[in-house]
Amino acid sequence: MRENWKSRIGFIFAALGSAVGLGSIWRFPYVVGENGGAAFILLYILCLLLIGFPVLLSEIVIGKATQKSPSLAFKELTKSDIWAKAGKMTLITGFVISSFYSVVAGWGLGYLIEAIKGNLTTIETSTQAVSRFTSLSANPYWCVGFHFIFLVLAVAVLFSGVRKGIEVGSKIMMPLLLFVLGVLVINGLSMPDGMKGVKFLFSPDFSTVTPQVFLMALGQAFFTLSLGQGTMIIYGSYLPKKDKVFNNCGIVVILNTCIAILMGVAIFTAVFSTGIEPTSGPALLFETLPLVFTKISGGYFFSILFFLLVTIAALTSEISALEPMIAYLIDRKKMARKKAVLLTSIGAFILGVPSALSFSLLTNVAFNMSFFDLVSFVSINILVPLGGLSAVLLVGWKTKKHLVDLLEDKHKSVQWYFTVCTRYVAPVLIGLILLDLLGVY
Ligand code: PHE
């Protein structure tokens, strides 16, 4: 018997817990910064509407219809071994993501400790903020240590089962996160030159749009909704049969996007006010916020609360990235849950170590990229879109009408949107973007 979410709200909180994490808090602002601001945000929203949301619906429906983990689900719906392999690929993607995700989450945890020590409220200049992050992330013990501790926390939650841990975690986290973001946004808007940040985010310059920018927007849309790696198939399999998919998923997409945009405003108002480079990359959040915490009243309290919430948000996402592999080991290999959790987490730790060392020892492994850049690029921009593509193709073309029925939506417009997007719009757009990556044009 599968463990079901307690209620509709339970599912929404769990899916939100998976979606809302480092993707919207840490990654969204820096890819916006690297890809030209407002025009990227518009592309990103377009990708969410035309690709991300239909893929999310497809994955949830696949899970709900089969009540199985990805490779078994793909096999059951298609009766084909090739599709089962596509399902299996998503397991590996999730596993790879969980390995470097935990490294960044480890930075968040490390910054929580810095906040408690009072070190995030004594940073006056952007040079100090940059050198603090650079020296911490270049310390292999700091990076590997917190990567390890973070995974131990994830194991602790996973041992108690999916439902309790994730549902409770995100129920507490979400309202608090919105509160802290509200404070940071209001503060950011009142900073000198803060409005320049708002302009950067909301007044588009389309001359910055290239196919590469499209690829990044697509990758971000997939990553932030935890798509293409089995997570949402698993979560769909825990959704009670009678629950409506469209509305539940719509709430998740809207709330997650709101959090990303609020985070963008909080960061870029501060970036333009303090002189941090918008193109600082993965360091952006960690370099910008200490300057804010040093200035605002109650900064000590807010710095602790913020990084505590980042850690919890990352935890509920990390768990959901590990879960497909764990479910596979339990369903397919008949492993006991605790053993499956331990094995997967130890694997994620080992694979994460080179990512953790990418800011000190392994800064350039191939193509002028660090190990971290390489695995995150390959998984987020190639493997994840491939996983998403297989989900929409399966739902759009390989199954009979009953998957549309499973949406259980009487609204003709919803059925039309779902059918057109899964059959044509999403596969064509994902295909075009991936072909561009191969240098076809
Ligand atoms: N969506 C999560 C986030 O934005 C990341 C994630 C990716 C979680 C893949 C699970 C699976 O932080």
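Could you do me a favour and compute the accessible area per residue for the stretch 311-387, 1.4 Å probe, result in Å²?
Working: 3130 Å² over 77 residues.
Heavy-atom SASA per residue in the stretch 311-387 reads 41 Å².
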From most to least accessible, 1.4 Å probe, no ligand or DNA/RNA atoms counted, 147, 411 line up as 411, 147
The simple spin-label model distance between residue 159 and residue 134, using points 7 Å out along Cα→Cβ, in nm, is 4.1 nm
With label points set 7 Å from each Cα along the Cα-to-Cβ direction at residue 122 and residue 241, the distance between them in nm comes to 6.2 nm
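Report D for the stretch 56-132 in µm² per second (integer): Stokes-Einstein, Kirkwood Rh on Cα pairs, 10 °C, 1.306 mPa s. Working shown, then result.
Numbers: Rh = 15.9 Å.
Calculated translational D: 100 µm²/s.
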Filtering trypsin sites (Lys or Arg not before Pro) in the stretch 301-397 by DSSP loop and by at most 13 other Cβ atoms within 10 Å leaves 333, 334
Hey, any idea what % of the chain's accessible area is carbon plus sulfur with a 1.4 Å probe?
70 percent
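Could you work out the Kirkwood radius for the stretch 373-426, taking every pair of different alpha carbons, averaging 1/r and inverting it, reported in Å?
Working: mean 1/r = 0.0809 Å⁻¹.
Result for the stretch 373-426 stands at 12.4 Å.
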Equivalent-ellipsoid semi-axes (√(5λ), Cα gyration tensor) for the stretch 8-437, whole Å, largest first?
34, 24, 20
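Just subtract the alpha-carbon distance of residue 440 and residue 82 from 0.36 nm times their residue separation and send over the number in nm, one decimal. Don't jump to the answer; show the numbers that get you there.
Working: separation 358, 0.36 × 358 = 128.88 nm, distance 2.52 nm.
Stretched fully, the residue 440-residue 82 segment lengthens by 126.4 nm.
Among 59, 124, what's the order by accessible area (1.4 angstrom probe), most exposed first? Provide the component values of the computation, followed by the final result.
On the way: 59 5, 124 125 Å².
These residues rank, largest area first, as 124, 59.
If you take the square roots of the eigenvalues of the alpha-carbon gyration tensor of the stretch 169-303 and sort them as a ≥ b ≥ c, do you get rounded (a/c under 1.5), prolate (a/b over b/c) or oblate? Provide the component values of the computation, followed by the final result.
Details: a/c = 2.40, a/b = 1.44, b/c = 1.66.
Oblate.
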Between residue 409 and residues 5 or more places away or on another chain, which pairs have amide H atoms under 5 Å apart, with H built 1.01 Å from N, and which residues are they?
none
1/(1 + (r/R0)^6) with r = Cβ-Cβ of residue 361 and residue 148, R0 = 22 Å, i.e. FRET efficiency to nearest 0.05, evaluates to 0.85
Name all residues of the stretch 331-360 having a backbone nitrogen under 20 Å from the label point set 7 Å from the Cα of residue 141 along its Cα→Cβ direction, giving them as ranges.
353-360
Residue-ordered couplings for the stretch 210-226, obtained by feeding phi - 60° into the Karplus form 6.51 cos²θ - 1.76 cosθ + 1.60 and rounding to whole Hz (Gly and Pro as x), are 10, x, 4, 5, 4, 4, 5, 5, 5, x, 5, 4, 5, 4, 5, 9, 6
Could you list, bin by bin from short to long, the percent of Cα-Cα pairs of the stretch 112-223 in 5 Å steps?
2, 8, 8, 12, 16, 19, 18, 12, 5, 1, 0
Report the calculated FRET efficiency for residue 9 and residue 186 (r = Cβ-Cβ distance, R0 = 25 Å), to the nearest 0.05.
0.30
Modelled label-to-label distance, residue 208 and residue 397, 7 Å Cα→beta-carbon offset: nm?
3.6 nm
³J(HN,Hα) across the stretch 117-131 via Karplus (A = 6.51, B = -1.76, C = 1.60, θ = phi - 60°), whole Hz, x for Gly/Pro?
6, x, 7, 9, 10, 10, 9, 9, 10, 5, 4, 4, 4, 5, 6
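What does the convex hull of the alpha-carbon atoms of the stretch 1-110 project to on average, in nm²?
Result: 9.2 nm².
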The stretch 255-278 to the stretch 140-202: how many Å between their Cα centroids?
14 Å
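The values are calculated or read from the model by the stated rules, or taken from the named source; none is laboratory data. On a predicted model such as this, the values are computed, not experimentally measured, just so you know. Cβ: placed from backbone, ideal geometry, glycine included. Neighbour counts: every protein chain shown. These area figures cover heavy atoms from the full protein model, side chains too; ligands, DNA and RNA do not enter into them. Shrake-Rupley method; radii C 1.70, N 1.55, O 1.52, S 1.80 Å.
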